[in-house]
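J.: So that we are looking at the same thing, I have put the structure below in structure tokens.
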Number of protein chains: 2
Amino acid sequence: KKRRKLSLDDFEKGILDSNISVLSQAITLVESNNPEHEKTAQALLQRILPKSGTSIRIGITGVPGAGKSTLIENMGCMLCEMGHRVAILAVDPSSSVTGGSILGDKTRMENLVKQPNAFIRPSPSGGSLGGVGRKSRETMLLCEAAGYDVILVETVGVGQNEVTVRSMVDFYLLIMLSGAGDELQGMKKGVIEIADLLAVNKADGNNIQPARLAAAEYGRVLEFLQPATQGWKTKATTCSAFERPTLEDLWKIILEFVETTHASGAHDGRRKDQSIQWMHSMIEEELRNRFLRSEKIQQLLPDIEHQVANNTLPATSAVYQIMQEI
Amino acid sequence: KKRRKLSLDDFEKGILDSNISVLSQAITLVESNNPEHEKTAQALLQRILPKSGTSIRIGITGVPGAGKSTLIENMGCMLCEMGHRVAILAVDPSSSVTGGSILGDKTRMENLVKQPNAFIRPSPSGGSLGGVGRKSRETMLLCEAAGYDVILVETVGVGQNEVTVRSMVDFYLLIMLSGAGDELQGMKKGVIEIADLLAVNKADGNNIQPARLAAAEYGRVLEFLQPATQGWKTKATTCSAFERPTLEDLWKIILEFVETTHASGAHDGRRKDQSIQWMHSMIEEELRNRFLRSEKIQQLLPDIEHQVANNTLPATSAVYQIMQEI
């Protein structure tokens, strides 16, 4: 059975009415690389933009094995039971390579999918302007317009993703494990410094004591690092995805963060900066892509790179040479 | 008395003969924003490039008050006495604003200036392609061709400079003070993670014990961070600019680093990556500048930024709109 093609009015009304089917189709539109779809998507975003921006945007990352998925599922269920409407998105640029997706297997979150107030959307694949980052960001705006007041953005703790996600959320939660830094081997440089909260997960049973020690140790490390958010001291704590009270404690810290940053103006300032930065990084990406895609540059570049790497051509001369071609 | 204008051959010969007057003039040429000078400078660099790359390149940073200048002066004197030829350069993009320069007041290093084997060059001012970073990098190449086998690149521990300097040196030394992280307040995020060695300075007199404690604490912090150089464990130690044996110890660590990274291939790999990265970052800067300088964009951008910041125009739409103008 073929769906009726929705008009811009249909899309707008459906989203503002929190119609999940329309929201899903709108996200598909936003994720499409088809130029016609992109045009419609932008017109739709323009319309819903004034209704967006109202959620608490939370980025969640951690190394594989830290128990992110279970924690997100149980936290999502808890928030729904508290009366929130929760959207769970994923940012995983690598999925476009592997064909997989971190939230792809929705059946993993079997309790959360049963919650009528939860909306789960797996990672989009890459593609044109802005790639996965743009798509996730615009999906977030659509979810907000549809009335979701908490957005959880999941990412894996390796690669470039963290910086992308940090630039689209208010609060950044880093899920750790006890084990004195060993698990950081797989974690990208600087991830601790973009977090607003470090939570040592799996603090249950015999692991409570090691987890507390690890959190204390991370707390000391944080003393030596710059906080990620102006006016907020990044904390380290413990939690267990299976102990509801510990998830409630995490949520309390997040609410405290929201209150602090709203009062100080840091929240509004960051949101504005994020939008402008986002625009500029897309412009830079587009300039770079147009440059790298040009036939002349593709012919020239490998040989020039080789000469520069082997010290037979000064880098600045190489740049002059290349810039004459455009 | 007007100097005779040097030919390209004069420049090349003078530099390879370690003629300090010619080297100084060549650096002035490299620092010039005059297009004719730039052309000559690039031709000269092309010639001397095969003779460059032979030094140990060391970046040194620390917050103001950490005692960088004294440490650099005394270390420079020590290295000269050991038989090295030492060039001391400064990277301080802010100097183009203040008109000052971190090494500007050469008289501060009164012992070092007397060393015939030391060459001190204050920070250039900014300007065209690549700015201060390009000029310092090319000055480094000229010094190497002139036979300087240790290059110390000083920078202040705030702003963008550290990343620029990290991308041009082999080894990065971060000068700290005791005081449990307080001094990091003025230090940019991530600086610890680009260092190969943390040295807690002023470890003399009553301050030896606090300095040792601080170094031990930093050592524990480093356990939680990714090392800056593949195959090298970033260390934390103490030193005093006034205690020669502690400077000898720093030097031993640097030599150990050099040996390790040469053996593993990390040194060669990094040098090649740095050259290619340098070229690409200049290309990106040039693309961005050409874009931002265009009249149409300068007219459009403020209003578009305002709309994006205030959620009345989607960022992606803004990018489409802007990209149509070029």
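J.: Quick check for me: using +1 on Lys/Arg Cβ and -1 on Asp/Glu Cβ, what's the dipole size of chain A about its Cα centre, in debye to the nearest 20?
T.: 720 debye
J.: Further question on the same structure: Stokes-Einstein at 4 °C, 1.567 mPa s, Kirkwood radius from Cα pairs: D for the protein assembly as shown in µm² s⁻¹? Walk me through the numbers before you get to the answer.
T.: On the way: Rh = 27.3 Å.
For the chosen part, D equals 47 µm²/s.
J.: Roughly how big is the range B:279-323's charge dipole about its Cα centre, with Cβ charges of +1 (Lys, Arg) and -1 (Asp, Glu), in debye to the nearest 20?
T.: Dipole about the Cα centre, nearest 20: 80 debye.
J.: Treat every Asp and Glu Cβ in the range B:192-326 as -1 and every Lys and Arg Cβ as +1, leave all other atoms uncharged, and give the resulting dipole magnitude about the Cα centre to the nearest 20 debye.
T.: 140 debye
J.: For the range B:1-51, take the alpha-carbon Rg, divide it by the Kirkwood Rh, and send me Rg/Rh.
T.: Using Cα coordinates only, the ratio equals 0.94.
J.: Taking the number of other C-beta atoms within 10 Å as the exposure measure, put A:Ser32, A:Ser128, B:Ser240 in order starting with the fewest. Present the calculation step by step, with values, prior to reporting the outcome.
T.: Details: A:Ser32 17, A:Ser128 14, B:Ser240 23.
Ordered from fewest to most neighbouring Cβ atoms within 10 Å, A:Ser32, A:Ser128, B:Ser240 come out as A:Ser128, A:Ser32, B:Ser240.
J.: What are the nm distances, shortest first, from A:Asp204 to its equivalents in the other copies, labels at 7 Å along Cα→Cβ?
T.: With the label placed 7 Å along Cα→Cβ, A:Asp204 yields 5.8 nm.
J.: If you don't mind, there's one more thing I want to ask. Can you list the residues, at least 5 places off or on another chain, whose amide H is less than 5 Å from the amide H of B:Glu154, using H built in the peptide plane?
T.: Those qualifying (amide H under 5 Å, at least 5 residues apart or on another chain) are B:Ile60, B:Leu89, B:Ala90, B:Val91.
J.: Put a point 7 Å out from Cα along the line to Cβ at A:Met82; what are the distances to that point in the other copies, in nm, shortest first?
T.: Shortest to longest, the spacings are 5.8 nm.
J.: Ok, one more. What are the aspartates and glutamates whose alpha-carbon lies under 14 Å from the alpha-carbon of A:Lys5, with same-chain residues fewer than 8 places away excluded?
T.: A:Lys5 reaches A:Glu36.
J.: While we're here: To the nearest whole number, what is the average tally of beta carbon atoms from other chains within 10 Å of the beta carbons of peptide A:41-49? Don't skip to the answer; put the middle values down first.
T.: On the way: counts 3, 9, 2, 1, 5, 4, 1, 1, 9.
So the per-residue partner count for this stretch is 4.
J.: Shifting gears a bit: Give me the net charge for the shell around A:Gln274: Cβ to Cβ below 10 angstrom, other residues only, Lys and Arg +1, Asp and Glu -1.
T.: With Lys, Arg at +1 and Asp, Glu at -1, the net is +4.
J.: Let me ask you something else. Per DSSP H run of n ≥ 4, the term is -39500 (n - 2.57); total these for the protein assembly as shown, divide by its residue number, and report the mean residue ellipticity at 222 nm rounded to 500 deg cm²/dmol.
T.: Details: 24 runs with 324 residues, N = 652.
Result for the protein assembly as shown: -16000 deg cm²/dmol, rounded to the nearest 500.
J.: Next question. Let me check I've understood the local charge: for A:Ile254, count other residues with C-beta under 12 angstrom from its C-beta, Lys and Arg +1, Asp and Glu -1. What total comes out?
T.: -3
J.: Taking GluC sites (Glu not before Pro) as candidate sites, keep only those in a DSSP loop with at most 13 other Cβ atoms within 10 Å, then name the longest stretch of chain B containing none of them.
T.: Working: sites that count: B:Glu110, B:Glu325.
The answer is B:111-324.
J.: At q = 0.11, 0.15 Å⁻¹, what base-10 log of I(q)/I(0) does the Debye formula yield for chain B when every alpha carbon is treated as an equal point scatterer in vacuo?
T.: Reported log10 I(q)/I(0), two decimals: -0.77, -1.24.
J.: Just rank B:Asp196, A:Asp268, fewest to most, by other beta-carbon atoms within 10 angstrom.
T.: Least crowded to most crowded, the residues run A:Asp268, B:Asp196.
J.: Could you tell me the relative contact order of chain B? Use alpha-carbon pairs under 8 Å, at least six residues apart, and round to a whole percent.
T.: In percent, rounded to a whole number, it is 17.
J.: DSSP H helices in chain B with Cα extent of 15 Å or more along the helix axis and mean Kyte-Doolittle hydropathy at least 0.5?
T.: Counting only whole DSSP H runs, the qualifying helices are B:20-31.
J.: Continuing with this model, one more query. Per-residue mean of other chain beta-carbon atoms within 10 angstrom of the beta-carbon, peptide A:283-296?
T.: If you average over the peptide's residues, the count of other-chain Cβ atoms is 3.
J.: Give the aspartates and glutamates whose C-alpha is closer than 16 Å to that of B:Lys114, dropping any in the same chain fewer than 8 places away, or say none.
T.: B:Glu73, B:Glu81, B:Asp105
J.: Would you order A:Trp251, A:Trp278 from fewest to most other beta-carbon atoms within 10 Å of each residue's own beta-carbon?
T.: Ascending number of Cβ neighbours within 10 Å: A:Trp251, A:Trp278.
J.: Quick one: with label points 7 Å out along Cα→Cβ, list the inter-copy distances for A:Gly269 in nm, shortest first?
T.: Going from nearest to farthest copy, the values are 4.0 nm.
Laboratory data are not the source of any read-out in this text; all were calculated from the coordinates shown. Everything numeric in this text was worked out from a predicted model, so none of it was measured. Don't worry about glycine lacking a Cβ; one is built from the backbone with ideal geometry, like all the others, and counts go over all protein chains shown.
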